[in-house]
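Asks: The structure follows.
The values are calculated or read from the model by the stated rules, or taken from the named source; none is laboratory data. What you see is a predicted model; the values in this text were computed from it and never measured. Glycine gets a Cβ as well: all are built from the backbone with ideal geometry, and neighbour counts include every protein chain shown.
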Amino acid sequence: SAQLNDLAVRAGLKYFGTAVREGSTSSDAAYMAIINNKSEFGSVVPENGQKWDSTEPSRGSFSYTKGDITTNIAKKNAQLLRCHTLVWYSQLPSWVSSATWTRANLQAVIEAHVTNVMGHYLGQCYAWDVLNEAVNDDGAWRDSIFLRTFGTDYFAIAFAAAKKADPVSKLYYNDYNLEYNGAKTTKAFELVQMVQAAGAPIDGVGFQGHLIVGGTPSRSNLAATLRRFTALGVEVAYTELDIRHSSLPASAAALATQGNDFANVVGSCLDVAGCVGATVWSYTDKYSWVPETFSGAGDALLYDKNLVKKVAWTSVSSVLAVA
Ligand code: G3I
């Protein structure tokens, strides 16, 4: 039967992709066989390996062992690669987050980090999540060492450094809960405008898409929200899609609702010129951050724990097939 990336490309998207959990790549051959199938996943992204705590655990000492796991998979399979992430308040080593910085010194730290990491992956990343999760759910700027040191100036600093280090990759702002089109979405919209007004380059906005079964907006509302951003001249994508059940086990009805929610999200991307693709944040319920974070919740993905396709997989393939 037709597979997700093949269908997505036929429908006009650039890719249908998945995150890769680095720790399972050498131990789980069945998990890897599906990732290595480019007809199913045309793009991969490292779940953790390119984050600051992994790539520069101490100042000036760079490590790419974990990040390279996923980039090598992309290379071997000729898949697109999303790269994740450069400037983020989380998984930020304490040598950055717990020090007191002058603007000049922290700017030098950001520029050295961005230059080195993007330099290592030069020519490999379709897109980079340059700036991740800079807005709170209530629509305030998110507190971080970056905000405390620079105010909002660090947005443009990050994008300008990224463009200098890698003039080719698409440079993204990436965040969650933008799908609801509330105060957080408006603040992210402002962020894009601020970066543009500062003359810094921004090419895309990633809608992470960490959603809840039964609480996912309609296809038309999702599309309208994407269009707010494409109207600014940036592309958009769903970058970390998963739709979790709040309680488990999921009933047959809940599994059907989940499928419908997935179809609405993927369908909204099809509806918007400038929505380039969708990535699931791991593809199987066997490996997901969700139950590790929300106790009792989970089963948020397209394949179950035994790597068997769920109703949600069929819903996604159907929505892609009719496009
Ligand atoms: O690698 C260690 C392992 O050695 C140790 O035994 C184990 C014990 O807890 O921890 C392992 O590290 C964990 C790491 O994932 C690798 O699995 C960390 O504790 C855990 O905090 C980390 O969680 C990741 C999380 O980001 C951190 O914020 C999740 O896997 C990852 O899916 C999640 O991804 C984020 C995106 O980057 C940004 N958007 C939200 C998304 C979900 O939170």
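Asks: Give the residue, chosen from LEU191, LEU122, LEU211, that is under 20 Å from the mean Cα position of the chain (by Cα), modelled with pLDDT of 95 or more and part of a helix (DSSP H, G or I). If you could, list the steps in order and put the result at the bottom.
Replies: Numbers: LEU122 fails: part of a helix (DSSP H, G or I); LEU211 fails: part of a helix (DSSP H, G or I).
Checking each option against the conditions leaves just LEU191.
Asks: Restricting to the range 18-51, and then to whatever is of a type in the set (A, V, I, L, M, F, W, C) and surrounded by 23 or more Cβ atoms within 10 Å (Cβ to Cβ), can you tell me which residue is nearest to the ligand (Cβ to nearest atom)?
Replies: At the first step, the residues of the range 18-51 found to be of a type in the set (A, V, I, L, M, F, W, C) are 19-20, 29-30, 32-35, 41, 44-45.
Subset that is surrounded by 23 or more Cβ atoms within 10 Å (Cβ to Cβ): 19-20, 35, 41, 44-45.
Details: ALA19: 7, VAL20: 11, ILE35: 15, PHE41: 17, VAL44: 14, VAL45: 9 Å.
Applying the filter and picking the extreme gives ALA19.
Asks: Same structure, new question: Quick one: in the range 86-109, of everything that is of a type in the set (Phe, Trp, Tyr) and within 16 Å of the ligand (Cβ to nearest atom), which residue is farthest from the chain's Cα centre (by Cα)? Spell out how you get there, then give the answer.
Replies: Step one: of the range 86-109, the residues of a type in the set (Phe, Trp, Tyr) are 88-89, 95, 101.
If we keep only those that are within 16 Å of the ligand (Cβ to nearest atom) as well, we get 88-89.
Working: TRP88: 13, TYR89: 15 Å.
This residue is TYR89.
Asks: Here is a further query. Sort out for me the helices (runs of 4 or more DSSP H) sitting completely within the range 1-68 that have 2 or more residues that are more than 15 Å from the chain's Cα centre (by Cα) and among the small types (Gly, Ala, Ser).
Replies: Working: elements: 4-10, 29-35, 52-55.
Per the criteria, 29-35.
Asks: So, one more: Could you tell me whether the range 242-264 includes any residue that is farther than 29 Å from PRO291 by Cα and in contact with a Leu (Cβ under 9 Å, 6 or more places away or on another chain)? Let's see the steps before the verdict.
Replies: Let us first name the residues in the range 242-264 that are farther than 29 Å from PRO291 by Cα, namely none.
No; the residues of the range 242-264 include none that is farther than 29 Å from PRO291 by Cα and in contact with a Leu (Cβ under 9 Å, 6 or more places away or on another chain).
Asks: Quick one: in the range 133-154, which of the residues that are more than 22 Å from ASN105 (Cβ to Cβ) and under 19 Å from the mean Cα position of the chain (by Cα) is surrounded by the most Cβ atoms within 10 Å (Cβ to Cβ)? Don't jump to the end; show me each part of the working.
Replies: The first filter runs over the range 133-154 and keeps only residues more than 22 Å from ASN105 (Cβ to Cβ), leaving 133, 135-140.
Then drop every residue that is not under 19 Å from the mean Cα position of the chain (by Cα), which leaves 133, 135-137.
On the way: GLU133: 20, VAL135: 23, ASN136: 14, ASP137: 13.
Out of the qualifying residues, it is VAL135.
Asks: Still on this model: Could you grab the pairs with beta carbons closer than 7 Å, sequence gap of 6+ or different chains, first residue in the range 288-300 and part of a loop (DSSP other than H, G, I, E, B), second one within 11 Å of the ligand (Cβ to nearest atom) and among the hydroxyl-bearing types (Ser, Thr, Tyr)?
Replies: If the second residue must be within 11 Å of the ligand (Cβ to nearest atom) and among the hydroxyl-bearing types (Ser, Thr, Tyr), the pairs left are SER288/SER282; ALA300/SER288.
Asks: When only residues in the range 284-308 that are of a type in the set (Phe, Trp, Tyr) and under 17 Å from the mean Cα position of the chain (by Cα) count, which is nearest to the ligand (Cβ to nearest atom)? Full working, then the answer.
Replies: The initial filter retains those residues of the range 284-308 that are of a type in the set (Phe, Trp, Tyr), namely 287, 289, 294, 303.
Checking which are under 17 Å from the mean Cα position of the chain (by Cα) leaves us with 287, 289.
Details: TYR287: 9, TRP289: 3 Å.
Only one residue tops the list, namely TRP289.
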